[in-house]
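Before any comments, here is the structure.
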Amino acid sequence: MMTNDVPYTIAIRHGYQKQAKKFFRQHSDLRPVYDQLLVDLAADPFAPALKIHSLSGSLKGVWAVSLTYSYRLTLTLLVSEKEI
């Protein structure tokens, strides 16, 4: 996702789009929530409303943001030159 009106750019890893497409075939009602989450992450990944948090154990180094109570978006957070 690359837009000029947001402070950060979200870099999506290879293969993610295919996984997301499969997920949204089963959960199409979550698409607007996901889209808003990406907008919010791009605007400020550290905004308190996102409740972004680091994971521990075997997922150490991975961060999570809630999509809903049941679903989380996990990401590797590397902030570099306004790209996450």
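Given the whole protein assembly as supplied and a 1.4 Å probe, what does the accessible area of K22 come to in Å², nearest 10?
120 Å²
Counting pairs of Cα atoms in the stretch 15-56, how many percent are more than 12 Å apart? Walk me through the numbers before you get to the answer.
Details: 579 of 861 pairs.
The calculated P(r) of the stretch 15-56 puts 67 percent of pairs beyond 12 Å.
Of the beta bridges DSSP finds with both residues in the chain, what % are antiparallel, to the nearest 5? Mind showing how you got there, number by number?
Working: 7 of 8 bridges.
DSSP beta bridges in the chain are roughly 90 percent antiparallel.
Based on alpha-carbon positions alone, could you give the equivalent ellipsoid semi-axes of the chain from the gyration tensor, as √(5λ), descending, whole Å?
So the three semi-axes of the chain are 19, 17, 14 Å.
Within the stretch 49-78, which chymotrypsin sites (Phe, Trp or Tyr not before Pro) sit in a loop by DSSP and count at most 10 neighbouring Cβ atoms inside 10 Å? Can you show the working numbers first?
Values: sites: W63, Y69, Y71; in loops: Y69, Y71.
When the chymotrypsin sites (Phe, Trp or Tyr not before Pro) of the stretch 49-78 are filtered for loop state and at most 10 Cβ neighbours within 10 Å, Y69 remain.
Taking the solvent-accessible surface of protein heavy atoms with a 1.4 Å probe, what is the per residue accessible area of the chain in Å²? Spell out each step's value before the answer.
On the way: 6270 Å² over 84 residues.
Per residue, the chain has an accessible area of 75 Å².
Applying 1/(1 + (r/R0)^6) with R0 = 22 Å to the Cβ-Cβ distance of K51 and L77, what FRET efficiency is obtained, to the nearest 0.05?
On the way: r = 14 Å, r/R0 = 0.62.
Rounded to the nearest 0.05, the efficiency is 0.95.
The values are calculated or read from the model by the stated rules, or taken from the named source; none is laboratory data. The model shown is predicted, which means the values in this text are computed figures rather than measured ones. Neighbour counts run over all protein chains shown; Cβ positions are idealised from the backbone, glycine included. To get the accessible areas, we keep the full protein, side chains included, count just its heavy atoms, and leave off ligands, DNA and RNA. Shrake-Rupley method; radii C 1.70, N 1.55, O 1.52, S 1.80 Å.
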